[in-house]
Amino acid sequence: MTPSPDDRYEPPSSFVDQANVSDPGIYEEFERSWPDCWERAADLLDWHEEYDRVLDEGDAPFYEWFSGGKLNASYNCLDRHIEAGRKTHAALKWEGKRRETRTYTYQDLYGEVNEFAAALRELGVGTDDIVTIYLPMVPELPIAMLACARIGAPHSVVFAGFSADALATRMDASDSEYLVTCDGYYRRGNAFNQKSKADNALMTLDRSVTTVVVDRLGEDLDHSLDTDQYDYGDLVLAHAGATVSPVARDAEDMLFLMYTSGTTGQPKGVTHSTGGYLAQAAWTARAVLDIKPEDTYWCSADIGWITGHSYTVYGPLALGTTTVIYEGTPDYPDRSRLWEIVERNAVDVLYTAPTAVRAFMKWGEEYPAGHDLSSLRLLGTVGEPINPRAWKWFREHIGGGDCPVVDTWWQTETGGMMITTLPGIGTMKPGSAGPPLPGIGARVVDEDGAEIDPGETGYLVVDRPWPGMFRTLYGDDERYRSEYWDAFSTDDEWVYFSGDGATVDSEGYITVLGRIDDVINVSGHRLGTMEIESAIVGVEGVAEAAVVGGDGGTNDTAVYAYVSTDHHHDPNEELRERITANVERAIGPFARPEQVVFTPELPKTRSGKIMRRLLENIANHEPLGDTSTLRNPEVVGEIEATERDQ
Ligand code: WT7
């Protein structure tokens, strides 16, 4: 994983010559003028009222950025581009699962966002009411987000693959009384019912919820509307031509809430601000993804996660570019699907996940080779480390051998990119994300918070605030402080802890190694092992469970569950199926364990703590090291034997 020192790539001069940011002096300049340097990001936005201060540290770690300023995110993503004479420019290009395509110009998008905003208002949505959105990758998803932003109602998008239970937990935790969902969507060609999941979630909530249903499947799936349920198409039609003036929001007002997994069973409601978040999303989309208004840009992530929020919707639209939304998967109906979309739309910039790159690599270069990908100018990845081999393959077979590739490190909590090379400036080293972006105080430290020497391994922290940072965990300031700030802060310095381990080289390039807490990353989906464990121990017959991330030999992390049964139950296929089904019910199919390994006992320390590290080593076929601190060392051999037999 660690880059070899002579593996270096420079961006081609043809790229540098046209890059949005190409002056290496920017690092120095941001250092010199910090935090005022961030005005450059704020300047990319239109403000209803200018801010008084760039940064207010008075109530740290509850920082405020651009305080006193007022703005509206939907105005910044729509109205101002129309006012600039770009109303006929394509804002959104949608590629449906059945090869349907839809293009929305900025005028079209503005029109429908306004109509839906008017409808939401009429349904009673007021400023600061949280609207939950539970939609797959259809145009109505960004439309609903922007409609909420327009009326000052924070959205909480819940990934469509989550189960009814997971949706209910999130709606309950955010006291959300509004839901936007759909009848269903196509999964590998078949109609799949989403509304029944939403209805099941609503049944468990103890308050009434007003629901809007997008009819995605038409005649392919019947659905009916209950009281308090409205058809999206009818609502928009009833408000045809309506306009809603964008609500001026304080820079610090919440733009949205996004639930993410942590180390306890309870998901965390990460809250993002309007001003700082949008400024960093737009700034990084411009500086790192090099987005120009005339580009066709494609981020393949689902909008149900933070990547899609920042780099499919807010960043690209704030810059007035054309953003592609793809509803399907990369291998349906065939493995050329993405390359066909790139070719047909002449995509300029592609931002995707290492897990996708590894899949492309496995399928073989004949799929991209069959398409003209010469429109691509820049490639990017996010979500997990990309190993040098995959990085090079991506550059070679998708990027035509000379596209720069940016490996971007960031998190739901950071709101926008934090560590990566700037493609118009920096040397790229495959396997390393790069230096912190200008103005970003990312460092790798030892457990005492002292900076480590190059080549050593430590903890990835951020020692200065940044505009796109989350402001708190919804309704839980205490958890915000204890989970992120307590570990490394000192009497005179607040330090944010990312939860990741990392190394750094002599040139300050950071290689992020992955989570050091009980969070795993499965195909770009962040999962708390505790959440999965609590779904497993909820199954009758299970005594104890421990979940770790295991590498099935493919470099892709999968969920491995180690389970002991109570003395009334035998470990058998039937129990295994009930376990899997319960995980799907509690979280969603994407959290399904790849392996359920039964063991008479879980390995425990003398104080009774489950040794997850050890299980992780077993799952990854790594050396186990010292097992003498175990209370029950004999169990290790048994687990290894069971796993071999499976
Ligand atoms: C975790 C955050 C940010 C959008 C996608 C995931 C891992 C992210 C990289 C990278 C190595 C990475 C980290 C991080 N991660 N980018 N370039 N190299 N690891 O957002 O669900 O909040 O997950 O993803 O472990 O903490 P998320």
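The values are calculated or read from the model by the stated rules, or taken from the named source; none is laboratory data. Keep in mind the model is a prediction, meaning the values are calculated, not measured. Virtual Cβ from ideal backbone geometry, glycine too; neighbours counted across all protein chains shown.
Regarding GLU531, is this residue within 16 Å of the ligand (Cβ to nearest atom), modelled with pLDDT of 90 or more and part of a helix (DSSP H, G or I)?
The answer is yes for GLU531.
State which residue is nearest to the ligand (Cβ to nearest atom) when the search covers only region 255-281 and only residues that are farther than 20 Å from TYR63 by Cα and small (Gly, Ala, Ser).
Ranking the qualifying residues of region 255-281, first place goes to SER261.
In region 631-646, which residues are more than 11 Å from PHE598 (Cα to Cα), in contact with a strand residue (DSSP E or B) (Cβ under 9 Å, 6 or more places away or on another chain) and assigned to a helix (DSSP H, G or I)?
Those that are more than 11 Å from PHE598 (Cα to Cα), in contact with a strand residue (DSSP E or B) (Cβ under 9 Å, 6 or more places away or on another chain) and assigned to a helix (DSSP H, G or I): VAL635, VAL636.
Could you check region 586-630 and list, in sequence order, the residues that are basic (Lys, Arg), without any contact (Cβ under 8 Å) to a residue 12 or more places away in the chain and not in a loop (DSSP other than H, G, I, E, B)?
Hit for region 586-630 is ARG613, nothing else.
Where in region 1-108 are there helices (runs of 4 or more DSSP H), lying fully within it, with 2 or more residues that are hydrophobic (A, V, I, L, M, F, W, C) and touching a helix residue (DSSP H, G or I) at 6+ places or on another chain (Cβ under 7 Å)?
39-42
Quick check on region 568-585. Is at least one of its residues within 16 Å of the ligand (Cβ to nearest atom) and within 26 Å of PRO354 (Cα to Cα)?
No.
Kindly provide the set of residues from region 209-225 that are assigned to a loop (DSSP other than H, G, I, E, B) and either among the aromatic types (Phe, Trp, Tyr) or over 14 Å from VAL180 (Cα atoms) (or both), ordered by number.
Result: LEU217, LEU221, ASP222, HIS223, SER224.
Would you pick out the residues in region 178-206 that are at pLDDT 95 or above and among the aromatic types (Phe, Trp, Tyr)?
TYR178, TYR185
From the residues in region 304-320 that are farther than 13 Å from LEU289 by Cβ and surrounded by fewer than 24 Cβ atoms within 10 Å (Cβ to Cβ), which one is nearest to the ligand (Cβ to nearest atom)?
It comes out as TRP305.
For region 226-236, enumerate the residues that are in a helix (DSSP H, G or I) and either in contact (Cβ under 8 Å) with a residue 40 or more places away in the chain or among the hydroxyl-bearing types (Ser, Thr, Tyr) (or both).
TYR232, LEU235, VAL236
Just to be sure before I move on: is VAL539 in contact with a Pro (Cβ under 8 Å, 6 or more places away or on another chain), in contact (Cβ under 8 Å) with a residue 40 or more places away in the chain and either within 16 Å of the ligand (Cβ to nearest atom) or not in a helix (DSSP H, G or I) (or both) in the structure I sent?
So VAL539 fails the test.
Does region 351-382 hold any residues that are more than 16 Å from the ligand (Cβ to nearest atom) and in a helix (DSSP H, G or I), and which are they?
ALA359, PHE360, MET361, LYS362, TRP363, GLU366, TYR367, PRO368, ALA369
So which of ASP17, ASP79, ASP56, ASP43 ends up being surrounded by 17 or more Cβ atoms within 10 Å (Cβ to Cβ), free of Cβ contacts under 8 Å to residues at least 12 places away in the same chain and not polar (S, T, N, Q)?
Result of the check over ASP17, ASP79, ASP56, ASP43: ASP56.
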